[in-house]
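Q: The structure is given below, and queries will be raised subsequently.
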Amino acid sequence: MRHRQSEPNSGQATVELALVMPLIIGLLLIILTVGLVVRDQLAVWHAASAGARAASISPDSPDVVQRAVEAEVQLRPLHLKIIRDEQLITVEVQYPRTINLWLIQHIIPPLTLSASVTMHVQDVG
């Protein structure tokens with residue numbers, strides 16, 4: 001009669017998975033965080049582009065530009081700066097971004113995402 005020998009490494013895979021799983025989860029959280037920051041940076045750039053379009057049509061109405069920027073994205077608070085130089089107008093948008101994940105928020109300092117778009121002032125008069 002043959003006796004089945006139990007494999008000496010039968011629990012090794014479970015132990016290895018238990019050791020590697022926190023690293024995998026941490027890596028996935030970092031990738032997710034980077035993706036969210038990139039998404040917000042694209043939104044800030046889009047808001048600056050919308051603000052520059054509005055400012056090129058109404059260069060003397062900063063409230064119109066502010067409304068155009070806020071209508072484009074849901075990020076708050078957005079800090080807006082309008083610079084006019086003869087026939088060019090530049091809109092700079094900044095968004096303070098904090099990382100709200102448990103361990104990552106202590107490693108990465110708060111970020112300020114910013115974008116700047118310059119356009120020619122349109123002669124619509």
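Q: Take segment 71-125 and flag every residue that is modelled with pLDDT under 95, of a type in the set (Asp, Glu) and either part of a helix (DSSP H, G or I) or in contact with a strand residue (DSSP E or B) (Cβ under 6 Å, 6 or more places away or on another chain) (or both).
A: Selection gives GLU72 alone.
Q: Please give the number of the condition GLN87 fails out of (1) open to solvent by less than 90 Å² (accessible area, probe 1.4 Å); (2) touching a residue at least 24 places away in the same chain (Cβ under 8 Å).
A: Going through (1) open to solvent by less than 90 Å² (accessible area, probe 1.4 Å); (2) touching a residue at least 24 places away in the same chain (Cβ under 8 Å) one by one, GLN87 breaks only (1).
Q: Still on this model: Please tell me if SER58 is more than 17 Å from VAL93 (Cα to Cα) and small (Gly, Ala, Ser).
A: The answer is yes for SER58.
Q: Being among the charged types (D, E, K, R) and either closer than 10 Å to VAL91 by Cβ or free of Cβ contacts under 8 Å to residues at least 24 places away in the same chain (or both) is the filter here; which residues of segment 35-55 pass it?
A: Scanning segment 35-55 gives ARG39, ARG53.
Q: Report whether or not SER58 is in contact with a helix residue (DSSP H, G or I) (Cβ under 6 Å, 6 or more places away or on another chain) and polar (S, T, N, Q).
A: yes
Q: Tell me, yes or no, whether segment 3-19 has at least one residue that is at pLDDT 95 or above, hydrophobic (A, V, I, L, M, F, W, C) and open to solvent by less than 100 Å² (accessible area, probe 1.4 Å).
A: no
The values are calculated or read from the model by the stated rules, or taken from the named source; none is laboratory data. What you see is a predicted model, and the numbers here were worked out from it, not measured in a lab. Because the Cβ atoms are built from the backbone with ideal geometry, glycine has one as well, and the counts that use them run over all protein chains shown. Side chains included, ligands, DNA and RNA excluded: accessible areas come from the protein's heavy atoms. Shrake-Rupley method; radii C 1.70, N 1.55, O 1.52, S 1.80 Å.
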